[in-house]
Structure formats: structure tokens, C-alpha cells
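I have placed the structure first, in the form of C-alpha cells, so that the comments after it can refer back to it.
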């Protein structure tokens, strides 16, 4: 059960109501069944609903005490007797929607803290929350219903769309952010890109004259840094989710609904087309193109373009099957070597 000091629970909700929210079908049990919370399979009990999305947990599912469970249709027959069931083609998504119903994201009431610094030339939309210590630059535009958390800094002329949330201690400069996007605490958007001319007498800074353009419904994790462009803009497409501690270099173009996991780095002027997935600690060299739907495994180093739909792994990154063949060959060679010695 979630700690009530930090998480406010709504409900109870009926199974029928939850099924409608989740796009799931009741295949066992009454629509009037009352449920009070969500819980993991091995901890759930009476009046709690859980889910099964990974077959490795089917043994836990078989003995679970949950009152109800969300499952794929092919798992229905494994359910313990008496458990109510919601069948879904995407159990984890259905669970997410149900968990949101029990624990909706809190949004504070409209207010502007006395300690916030909002100049006369800044424009605030209706229903905004501006917390203590926030600094908003001259000429900035903040859309309706935005929540700017404590000590965040919004630079001059920055434009932020409606219903955005900017986390505590984040800073946003030289940027245009779309609607419904969220920046978590400590995010840095729009600082200088890492651009300089090399000279024996000392490096010469190249002015970074671009912006950061962030689309709608983008999530950017804590302490991630996104450099502004050197001339062309740095662009983050609609619906892209970026994890914590990610570095996005200047002039990078990221398409829609990409996923970039923690500690990954994308070097300057590289293009990620739509639906690209970079796992944790992936490094991408500069001036490359990563094709639509490509997936790169954790800790891989990408040094060349990747075709659309390709799966890559290793350092340097290779197509997944080629990489696995090389690993298998190396394993056989080392076994032969140890046997002959």
C-alpha cells in the first residue's frame, strides 16, 4: 500500500468502472465488485487489484490473494479460483490507467508565492501555480494552468505552453515548450552548447545562437541537460520521454515518441527519427542519423548511422545478431584455448 503521507488515494471504485477506464473486459467476477487499491501480485489481498504482464510471474499469479487481476487473455485459465479478472491485450497499460484512477497526479490550487519574482513584462496564463523562489524573466510567456515549482528559473522571452510542470530548481532559457510537457527537478534547458574552435593559443568560444524547441507532452527527467543549438535549433519531438541524467547536445533533432534512458548521451547535430529507443548509458557520436524505430541496447557506443528498425548492441555498436554471433565465436575460441593449454 502506498504511504498515505505522500500519496492520496481516491475510491473505492467498482470493477466495472475500472474496466471502462482501462479498456479491459470483465471475464470473471461482478462489475459491482468494490476495490480499494492497487497492489503487487504477491502482496495483494481482499479489495485490491493487481496485474500480470510478464510470464515469469505466473507462479505468483497462481497463488495470489488479489481480489481482482488484469491479465492477457491467454493467462485467464491460470487464475486462482475466486479471483475476478479483467482481460486486456496490454495489461500493463490497463494497470497504469487504473493506478491513475486510484492515485491521480495532484495539482495545487492557483497561487503566486510572495517570494516569486515575476516582472511586469512577463505574461502568466490563468490558473498558474508559481511557487516560492521562482524567478521569471522579462517577456516570458507562461500558458494557462502551468505549475512552476520552487526556485525554478524561467529565462527572458521563454515561451511555455498550457498545463506544463517545471520542477524545482530547473532552469529554462532560449526555449519554446509546447503543451502538457513536464520537466523534473534540476533539468537544464537552453544552456550554451559545447561549441568552440581549437587553437594552440587557447580555445575560442563559438556563439550558440539557436534555441531549444520542445514539443507537446514531453517528459524530461531529473538533472537532464539539453543544450541550445549553435545556429539550428535543438528539437525534442512530441511525446518523447527522456530519463534522468541524460545529455542532449546542440543541434540534436529528436523525433516524436522516442525513449532515452538514464545516462545516455547524444552528441551534437545527430538526428533521432521517430520512435527510437536508447537504453541506459548509450553514447551516440555526432552528426549521425538513427532511423525510425531503431533500438540501441544499454552501454552501446554508436559510431555510424543506424537504419530504420535496426537493433544494435555493443561497443562499437553492431546489429544485434552480428554482435551475438561474435560473442558466441569468442566464447568458443576461449574454450578451445583453455582446453589446449
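Points to keep in mind about this one:
Each row is one residue, and each column tells you yes or no for (1) modelled with pLDDT of 95 or more; (2) assigned to a loop (DSSP other than H, G, I, E, B); (3) out of contact with any helix residue (DSSP H, G or I) (no Cβ under 9 Å at 6 or more places or on another chain); (4) buried (at least 18 other Cβ atoms within 10 Å of the Cβ).
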{"position": "275", "(1), (2), (3), (4)": "yes, yes, yes, yes"}
{"position": "298", "(1), (2), (3), (4)": "yes, yes, yes, no"}
{"position": "329", "(1), (2), (3), (4)": "no, no, yes, no"}
{"position": "333", "(1), (2), (3), (4)": "no, no, yes, no"}
{"position": "338", "(1), (2), (3), (4)": "no, no, yes, no"}
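- Any chance residue 97 is within 30 Å of residue 142 (Cβ to Cβ) and in contact with a helix residue (DSSP H, G or I) (Cβ under 9 Å, 6 or more places away or on another chain): yes
- The set of residues in the range 259-268 that are surrounded by fewer than 24 Cβ atoms within 10 Å (Cβ to Cβ) and either free of Cβ contacts under 8 Å to residues at least 24 places away in the same chain or under 14 Å from the mean Cα position of the chain (by Cα) (or both) comprises 259, 261, 262, 263, 265, 267.
- Sole exception among (1) modelled with pLDDT of 95 or more; (2) surrounded by fewer than 24 Cβ atoms within 10 Å (Cβ to Cβ) for residue 231, by number: (1)
- All helices (runs of 4 or more DSSP H) inside the range 3-121 with 3 or more residues being surrounded by fewer than 19 Cβ atoms within 10 Å (Cβ to Cβ), at negative phi and within 25 Å of the chain's Cα centre (by Cα): 91-102
- For the range 190-199, the criterion of a residue being closer than 18 Å to residue 243 by Cα and either at pLDDT below 95 or surrounded by 17 or more Cβ atoms within 10 Å (Cβ to Cβ) (or both) is satisfied by at least one position.
- Matching option when the condition is under 26 Å from residue 307 (Cβ atoms), surrounded by fewer than 20 Cβ atoms within 10 Å (Cβ to Cβ), without any contact (Cβ under 8 Å) to a residue 24 or more places away in the chain and over 12 Å from the mean Cα position of the chain (by Cα), among 204, 271: 271
- In the range 234-258, the residues that are surrounded by fewer than 24 Cβ atoms within 10 Å (Cβ to Cβ) and either outside any loop (DSSP other than H, G, I, E, B) or at pLDDT below 95 (or both): 235, 241, 247, 253
The values are calculated or read from the model by the stated rules, or taken from the named source; none is laboratory data. Quick caveat, the model's predicted, so the values are computed rather than measured. Counting neighbours? That spans all protein chains shown, and the Cβs are built from the backbone with ideal geometry, glycine included.
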